[in-house]
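Below is one structure, written out as structure tokens, with a few remarks after it.
The values are calculated or read from the model by the stated rules, or taken from the named source; none is laboratory data. Since the model is a prediction, treat every value here as computed from it, not as a measurement. We place every Cβ from the backbone using ideal geometry, glycine too, and count neighbours over all the protein chains shown.
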Amino acid sequence: MNPVRKRRLIIISLIVAAVGIAATLTVFALQQNMTYLYSPSEVEAGKAPLTSAFRLGGVVKEGSVHRVSGTLQTDFVVTDRFHDMRVEYTGILPDLFREGQSVITTGHMRGGEFAASEVLAKHDETYMPREVADAIAKAKAAGRTHDP
Amino acid sequence: MIPELGQLALILALLLSALQCALPIFGAWRNAKPLMATARSLVVGQFVFVALAFGILTYAFMVQDFSVAYVAQNSNLELPWWYRFSAVWGAHEGSLLLWVLILDVWTLAVAAFGGKLPEKFYARVLGVLGFIAFGFLLFSLATSNPFTRLIPAPMDGVDLNPVLQDPGLIMHPPVLYMGYVGFSVAFAFAIAALLGGELQSSWVRWSRPWTNVAWGFLSAGIVAGSWWAYSELGWGGWWFWDPVENASFMPWLVGTALIHAQAVTDKRGGLRAWTLLLAIFAFSLSLLGTFLVRSGVLTSVHSFAADPKRGVFILGFLAVVVGGSLLLYAGRARYVAGGKPFALASRETLILIGNLMLSVSAATVLLGTLYPLLGEALNIGRISVGPPYFGFLFMLLMTPLVLAMPFAPLSRWGKADVVIWRRALQRIVMLALIAGIIAFALGVHRWMGLLGVTASTYVIAGTAFYAIKRWKEAPRGRRYPLEMLGMLFGHFGVGVFIAGAILTRTLSIEQDVALSPGQVVHVGNYDFRFDGVGERHGPNWLAQQGTVEVSKNGTLVTVLHPQKRTYPRGQVQTEASIHPGVFGDLYVSLGDPLGPSTGAAGSSGAWAVRVYDKPFVRWIWAGGLLMMLGGFCAAADKRFRLRRSEEAQAHDPAGIPVSVIQPVQQQA
């Protein structure tokens with residue numbers, strides 16, 4: 001085999017091997033690390049997983065934030081204005097966490113409540129994360145069809 | 001009146017950029033010298049008008065002209081002047097103008113220093129840069145005009161987002177943009193070469209310092225962003241695999257591959273087509289980065305802007321630039337491809353392995369970043385891809401690269417020389433194992449931490465092995481040409497970065513605690529005593545300021561003052577207080593007040609406090625800065641500035657004469 005062909009062969013086989021390995025691992029890693037976002041209505045409808053982690057998005061219901069005095073334990077209600085979900089969280093809340101503002105929490109179901117390990121609020125207070133807005137819009141649409 | 005002049009300047013700049021694109025490229029095609037000669041003056045003219053527009057916008061901020069909507073949105077009467085200055089690029093419209101201004105600075109530099117390039121090539125390079133400027137100026141004027149009036153003018157402006165009121169954010173965007181936009185030069189070179197169907201390795205050599213400088217700036221910009229996130233977001237994290245961070249990281253990965261591939265093309269004439277492809281991708285990813293951050297397409301905790309119209313425009317522009325250049329590449333690459341054969345265990349192979357790993361990791365980062373968007377578009381559901389995805393794949397892909405890294409400088413171009421590998425491998429592995437054992441003895445007991453110490457020592461010892469070998473073998477005065485010194489800095493930087501990243505991850509102690517005044521919390525080897533919270537006034541904020549005394553074995557180490565600032569419009573911003581150190585930071589930030597105030601003046605009830613001990617965290621940024629230094633250092637090498645007649649005698653840092661590559665004949 002002449003050197004040019006040989007070099008090409010090496011390069012091509014390296015690329016094919018790298019792409020193959022990368023593709024396999026990527027699919028594997030993606031499957032392991034994907035989390036879906038659900039609205040309280042979807043959780044209510046049983047769409048969210050019961051055991052594994054997912055994200056819950058919505059608005060922090062006005063007047064729902066309670067703190068166990070002197071500790072970092074907090075609970076609040078996330079709502080899409082049709083269904084509510086009580087969320088428990090131990091830790092420091094982000095600066096933009098406020099009642100009436102949108103929030104995305106990551107965690108899993110524990111009993112009838114959502115145990116959050118992470119709470120994210122948006123940087124910008126005038127704007128709602130699109131996925132939360134979508135979730136609320138969807139809940140609204142679903143709510144309308146179910147309303148008598 | 002003055003803002004209208006800015007608008008006019010932008011329109012004139014748009015017209016000039018259209019000419020700067022059309023005339024020289026047309027001239028090069030028709031071989032019309034007068035047309036090609038217009039390039040230089042058009043570049044200067046365009047620069048003048050863009051700079052004028054930028055100056056006028058800055059002036060509007062300085063005099064607080066709230067009749068300009070952009071100023072009213074991003075400034076107010078209480079904002080100190082230095083933040084008013086940085087507010088010019090604090091949001092979408094102004095940062096776009098900054099983008100174009102920086103592009104023009106790069107173009108001007110190319111025009112000034114590129115006079116020795118062949119006439120047609122020079123004209124085409126400036127023409128391509130003109131096209132990019134045209135796209136961005138059109139974007140600015142059509143969808144995001146910074147000079148739009150707000151009539152009647154409000155009495156006071158809104159505010160600059162408090163998150164952006166930080167010294168780190170004054171520098172972060174300009175430096176990052178210097179990097180993003182700097183890749184446009186390598187891109188313009190690639191397109192000009194493809195347009196002409198001819199590539200000389202001397203042109204690639206001439207473009208190398210530009211790429212290195214751009215890469216150095218990009219490294220610095222990413223470091224600044226990471227440091228800002230660490231000190232400002234109040235979580236003590238330094239990298240989140242957030243889409244906005246990924247947006248700057250992808251061009252960096254491809255850029256790293258590019259500077260190495262360019263070295264091969266320069267020295268050996270090989271990997272030419274690959275180098276061109278990388279140049280196209282590096283710039284395309286920079287554009288994509290701008291698109292991702294600025295279109296609001298991402299629902300990231302980072303994004304400030306949200307306007308789909310802009311997204312559609314950038315997407316179209318991206319399609320034209322990426323699609324057009326890839327089409328051109330497909331049609332013309334065979335004319336410019338070429339190179340010499342090389343042995344399996346040669347330096348080319350090792351660089352190629354590194355290139356592959358870097359490109360594949362850029363692709364996996366791209367996939368992870370775009371997957372949520374794809375998922376939404378294909379109606380799979382609203383997905384987010386967690387940081388472990390990126391972390392896992394990145395570590396995996398970087399392992400072969402790190403393993404190969406010390407051997408690339410030791411290998412020879414073209415030929416295999418395995419003897420030196422064996423000698424180096426023995427010593428490097430021995431040193432790495434010794435370092436691992438010492439780390440274990442010092443109390444690093446998690447395998448991840450030990451792996452970090454070993455890998456870091458492996459890279460640093462490997463790089464040092466080459467530096468010492470070179471010291472012994474090369475004649476005095478020619479031991480470390482700047483280009484090689486840059487490589488050494490860069491590779492040392494990687495070693496330092498690995499140590500910082502992995503040790504911070506494994507050794508950090510993070511505690512969120514509820515503290516009442518007088519209460520002590522023990523974190524790491526330190527005692528943090530919380531002495532309550534008082535009030536403090538800043539130029540445009542009111543802060544709840546905590547006092548935390550940190551002591552070690554009874555001796556006072558430092559007193560930290562974390563703040564919770566409230567800005568005029570009620571936005572709350574956490575300011576962490578950090579005690580920096582070479583071997584670790586002590587980091588305290590305030591959460592929320594937890595209990596009822598005791599009512600006593602100057603003190604209050606319990607607060608949520610975040611207390612971190614972060615060993616070696618500075619090494620992360622030190623590593624990044626070393627890489628930046630390496631990029632700048634290499635770019636300063638005289639070898640890149642020689643005139644063509646002298647090129648044949650130019651020295652090669654590896655001690656092998658430069659091969660002069662004959663241009664591939666263009667076929668009719």
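Per-structure values
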{"item": "Residue satisfying all of: in segment B:477-522; acidic (Asp, Glu) and within 14 Å of chain A (Cβ to nearest Cβ); nearest to B:Trp206 (Cα to Cα) among these", "result": "B:Glu510"}
{"item": "Residue in segment B:394-406 that is within 14 Å of chain A (Cβ to nearest Cβ), in a loop (DSSP other than H, G, I, E, B) and within 25 Å of the chain's Cα centre (by Cα) present", "result": "no"}
{"item": "Filtered residues of segment A:5-60 (kept if touching a Gly at 6+ places or on another chain (Cβ under 9 Å) and hydrophobic (A, V, I, L, M, F, W, C))", "result": "A:Ala29, A:Leu30, A:Met34, A:Leu37, A:Ala53, A:Phe54, A:Leu56, A:Val59, A:Val60"}
{"item": "Scope segment B:437-452; condition in contact (Cβ under 8 Å) with a residue 40 or more places away in the chain and either among the aliphatic types (A, V, I, L, M) or buried (at least 20 other Cβ atoms within 10 Å of the Cβ) (or both); matching residues", "result": "B:Val444, B:Met448, B:Gly449, B:Leu451, B:Gly452"}
{"item": "Subset of segment B:159-199 (residues that are closer than 28 Å to B:Phe66 by Cα and small (Gly, Ala, Ser))", "result": "B:Gly168"}
{"item": "Output for segment B:145-170, where each listed residue is touching a residue at least 40 places away in the same chain (Cβ under 8 Å) and over 24 Å from B:Gly6 (Cβ atoms)", "result": "B:Pro162, B:Val163, B:Gln165, B:Asp166, B:Gly168"}
{"item": "Selection within segment A:56-74 - touching a residue at least 24 places away in the same chain (Cβ under 8 Å), over 18 Å from A:Glu44 (Cβ atoms) and surrounded by 14 or more Cβ atoms within 10 Å (Cβ to Cβ)", "result": "A:Val65"}
{"item": "Selection status of A:Asp95, within 11 Å of chain B (Cβ to nearest Cβ) and farther than 19 Å from B:Val385 by Cβ", "result": "yes"}
{"item": "Residues of segment B:266-278 satisfying the condition of being within 20 Å of B:Gly331 (Cβ to Cβ) and either out of contact with any helix residue (DSSP H, G or I) (no Cβ under 8 Å at 6 or more places or on another chain) or not basic (Lys, Arg) (or both)", "result": "B:Leu271, B:Ala273, B:Trp274, B:Thr275, B:Leu276, B:Leu277, B:Leu278"}
{"item": "Whichever residue in segment A:8-55 is outside any helix (DSSP H, G or I) and loosely packed, with under 13 Cβ neighbours inside 10 Å and, among such residues, is nearest to the other protein chains (Cβ to nearest Cβ)", "result": "A:Ser52"}
{"item": "Check on B:Ile170, among the β-branched types (Val, Ile, Thr) and in a helix (DSSP H, G or I)", "result": "yes"}
{"item": "Criterion violated by B:Leu194 - all others in (1) at pLDDT below 90; (2) in contact with a Lys or Arg (Cβ under 6 Å, 6 or more places away or on another chain) satisfied", "result": "(1)"}
{"item": "Among the candidates B:Gly323, B:Gly354, B:Gly414, B:Gly368, residue that is out of contact with any Asp or Glu (no Cβ under 9 Å at 6 or more places or on another chain) and surrounded by fewer than 19 Cβ atoms within 10 Å (Cβ to Cβ)", "result": "B:Gly323"}
{"item": "Number of the condition not met by B:Val548 [criteria: (1) assigned to a loop (DSSP other than H, G, I, E, B); (2) touching a residue at least 24 places away in the same chain (Cβ under 8 Å); (3) closer than 18 Å to B:Leu594 by Cβ]", "result": "(1)"}
{"item": "Subset tally (residues that are closer than 21 Å to B:Leu164 by Cβ and of a type in the set (S, T, N, Q)) for segment B:215-272", "result": "4"}
{"item": "Test: residue in segment B:240-248 that is under 15 Å from B:Leu366 (Cβ atoms), among the acidic types (Asp, Glu) and assigned to a helix (DSSP H, G or I)", "result": "yes"}
{"item": "Some residue of segment B:377-393 being assigned to a helix (DSSP H, G or I), within 14 Å of another protein chain (Cβ to nearest Cβ) and among the aliphatic types (A, V, I, L, M)", "result": "yes"}
{"item": "Some residue of segment B:23-34 being out of contact with any Lys or Arg (no Cβ under 9 Å at 6 or more places or on another chain), of a type in the set (Gly, Ala, Ser) and surrounded by 16 or more Cβ atoms within 10 Å (Cβ to Cβ)", "result": "no"}
{"item": "Residues of segment B:17-72 that turn out to be in contact with a strand residue (DSSP E or B) (Cβ under 7 Å, 6 or more places away or on another chain) and in a helix (DSSP H, G or I), as a count", "result": "2"}
{"item": "B:Arg272 vs. criteria crowded, with 23+ Cβ neighbours inside 10 Å and out of contact with any strand residue (DSSP E or B) (no Cβ under 8 Å at 6 or more places or on another chain)", "result": "yes"}
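Matching residues to (1) among the small types (Gly, Ala, Ser); (2) over 26 Å from B:Lys415 (Cα atoms):
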residue: B:Gly216; (1), (2): yes, yes
residue: B:Ala220; (1), (2): yes, yes
residue: B:Ala229; (1), (2): yes, yes
residue: B:Trp238; (1), (2): no, yes
residue: B:Leu253; (1), (2): no, yes
residue: B:Thr275; (1), (2): no, no
